[in-house]
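Working notes, structure below.
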Amino acid sequence: MKKSLYLLLLTPLLLSGCGKQPASSYLDKDATFCICSDVSNEVRALDLLVNCGVISSYETKQDGTPINLPFRISLIDESLLVSALPDFDYGVLPCNTALTGRLVADTSLPSESDEVADLRANVLACRTAGLSDPEYANKIAVLTEALLQKETADFIQTKYSGVVKSEQADLRSDKIASKAGNGVIKVCASEVPHKEILTSSAVTDYVSEKGYRLEVTVLDWTLQNESVAKGDYDANYFQHRPYLATYNGDSEKLSAACKVHFEPLRIYRGRGK
């Protein structure tokens, strides 16, 4: 189905650094782009390119998969985006992929705006049923407080130079202040920036002050939700709410305890730029 009218109506709300300038004001005319072949990130990248005037619109199948892309936009597996970037003028990369590949963001180039942060913010996910157990609920409350404190937000800002945006708004309306406890809080996470945030002194010191020890394990993202649901870990930290909703389906096995940070897609310079 055509998305042009829909996109042209919505995209002014999603702009960041694009304004209403033509793409040629900051991007080369007829430049080539590589974007992630994962459908969710592919759509986000195309929306950003529409916002910036690189393309006017795009089409999708009924399942939302983009089709008939312009020849200058190439789909690349996320794991290969960094190595493929020198073959293109620009790439639209998830910032965790760029950080892992040690790419330095050029903040003069466009990125997704904070307008989409509420939907795409990465969350701490926990077992919904487990929250009825006081000890488990306290572990999640302690970790939530640790991740949302100002010291953690300052670490994120300093460590990632504003490319990763901290979130200090709790998703849980029923959250109560945590109590001192004892034992281990076990979390599985992705390497960058999730493990780095969890193992920062801001987080670990807070958890320690509450009587717990934080144990963080890097785990493949495809395994993390099921590992938490089975009880192998107390929580995971790697995903945004749309992905969590896809995992849950009609169930409520896992809940988002809090938003922690937002990873906007950014445009990165490619060959020799």
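Each reported figure results from applying straightforward, stated rules to the coordinates on display, with no laboratory input. Bear in mind the structure is a predicted one, so any value in this text is a computation, not a measurement. Cβ placement follows ideal geometry from the backbone for every residue including glycine, while neighbour counts extend to all protein chains displayed.
Positive end of the charge dipole of region 117-262 (Lys, Arg +1 and Asp, Glu -1 on Cβ, about the Cα centre): tell me which of L143, L198, F155 has its Cα farthest that way.
So the residue we want is F155.
If contacts are Cα pairs under 8 angstrom and at least 6 residues apart, what is the relative contact order of the chain in percent?
About 27 percent, as a whole number.
Could you tell me how many degrees, from 0 to 90 and to the nearest 10, lie between the Cα long axis of helix 39-51 and the main elongation axis, the longest principal axis, of the Cα atoms of the chain?
The two axes meet at around 50 degrees.
For Rg/Rh (Cα atoms, Kirkwood Rh), which listed value, (i) 0.93; (ii) 1.00; (iii) 1.03, comes from the coordinates shown?
Only one option fits the structure, namely (ii).
Along Cα→Cβ, 7 Å out, is where each label goes; now give me the distance between the ones at D154 and L223 in nm to one decimal.
For the pair D154/L223, the computed spacing is 3.7 nm.
Which length gain, in nm to one decimal place, applies between S161 and S57 when the Cα-Cα distance is subtracted from 0.36 nm times their residue separation?
So the chain would gain 34.3 nm between S161 and S57.
Once you sort the root eigenvalues of the Cα gyration tensor of region 152-273 as a ≥ b ≥ c, which label holds: rounded (a/c under 1.5), prolate (a/b larger than b/c) or oblate (the other case)?
Since a/c reaches 1.5 but b/c is at least a/b, the shape of region 152-273 is classed as oblate.
For S132, put the label point 7 Å out on the Cα→Cβ axis and report which residues of region 228-261 keep their amide N under 14 Å from it.
Backbone N within reach: 252-253.
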